[in-house]
Amino acid sequence: LADEVHGLAVYLPAATKTLAGMDAANASLTKAVHPGIGAAAEASALDTYARRVRSVRTKLAALTPPPMLRPWHDEEAAWLEALARDAQRLSGALRGEGDANAAAAAFRAETARRPGVSKAQQRAVKAYDAEIDAIDRLSARIQRELAQLNRRLK
């Protein structure tokens, strides 16, 4: 239990700092893309955005989450990769390499999907609770066995 608390104390600040990189990437994209800049400039801004998102994903993937946060960590990393992929797909479509409408719809859908309190997080909390319950059962068993040993020794 102490190891898990320590793991949380190490992981959460690092993950929060890493994911703050998304705020900068989003702000940069918002600033770069505006009406009238043209498809080539939008495509370039989306390429830059995709690189920044992948950089955040790489940094997040380098972190070691405690077991209870592994599902959330994996879901967040998968979302970042999907977001970068869809930004790259839209960039290509703006350059004439595919259906721009479909690519734009996919990119908008992915940006709207950002994982929050998710099923993965709920599963993580349930797994953590189950682990605590198992520790409690083991502790109770140890106490019973200690009591039996004490009775035998008296």
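The values are calculated or read from the model by the stated rules, or taken from the named source; none is laboratory data. Please read all numbers here as calculations on a predicted model, not as lab measurements. All Cβ positions, even for glycine, are placed from backbone atoms using ideal geometry, and neighbour counts span all protein chains on display. Calculation scope for accessible area: heavy atoms of the full protein, side chains included, ligands and nucleic acids excluded. Shrake-Rupley method; radii C 1.70, N 1.55, O 1.52, S 1.80 Å.
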Matching entry among ARG51, ARG57 (being among the basic types (Lys, Arg), outside any loop (DSSP other than H, G, I, E, B) and in contact with a Leu (Cβ under 6 Å, 6 or more places away or on another chain)): ARG57
Of the criteria (1) under 17 Å from ARG114 (Cα atoms); (2) open to solvent by less than 40 Å² (accessible area, probe 1.4 Å); (3) touching a Pro at 6+ places or on another chain (Cβ under 9 Å), which one GLU4 fails: (1)
Candidate set from the stretch 63-92 (those that are of a type in the set (Gly, Ala, Ser) and open to solvent by less than 50 Å² (accessible area, probe 1.4 Å)); member that is farthest from LYS17 (Cα to Cα): GLY92
Residue list for the stretch 27-48, restricted to those being open to solvent by 30 Å² or more (accessible area, probe 1.4 Å), assigned to a helix (DSSP H, G or I) and closer than 20 Å to ALA93 by Cβ: THR30, ALA32, ALA39, ALA40, ALA41, GLU42, SER44, THR48
Matching residues, the stretch 20-43, being small (Gly, Ala, Ser) and touching a residue at least 24 places away in the same chain (Cβ under 8 Å): GLY21, ALA24, ALA25, SER28, ALA39, ALA40, ALA43
Residue within the stretch 33-53 that is β-branched (Val, Ile, Thr) and modelled with pLDDT of 90 or more present: yes
Among (1) open to solvent by less than 50 Å² (accessible area, probe 1.4 Å); (2) part of a helix (DSSP H, G or I), the one test that THR16 misses: (1)
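Among the residues of the stretch 68-105, which ones are among the polar types (S, T, N, Q) and farther than 19 Å from VAL53 by Cα?
Answer for the stretch 68-105, where residues must be among the polar types (S, T, N, Q) and farther than 19 Å from VAL53 by Cα: just ASN101.
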Among the candidates ARG57, ARG51, residue that is under 20 Å from the mean Cα position of the chain (by Cα) and surrounded by fewer than 17 Cβ atoms within 10 Å (Cβ to Cβ): ARG51
Total residues in the stretch 54-81, condition at pLDDT 95 or above and touching an Asp or Glu at 6+ places or on another chain (Cβ under 6 Å): 1
Matching residues, the stretch 93-120, being assigned to a helix (DSSP H, G or I), at pLDDT below 75 and open to solvent by 50 Å² or more (accessible area, probe 1.4 Å): LYS119
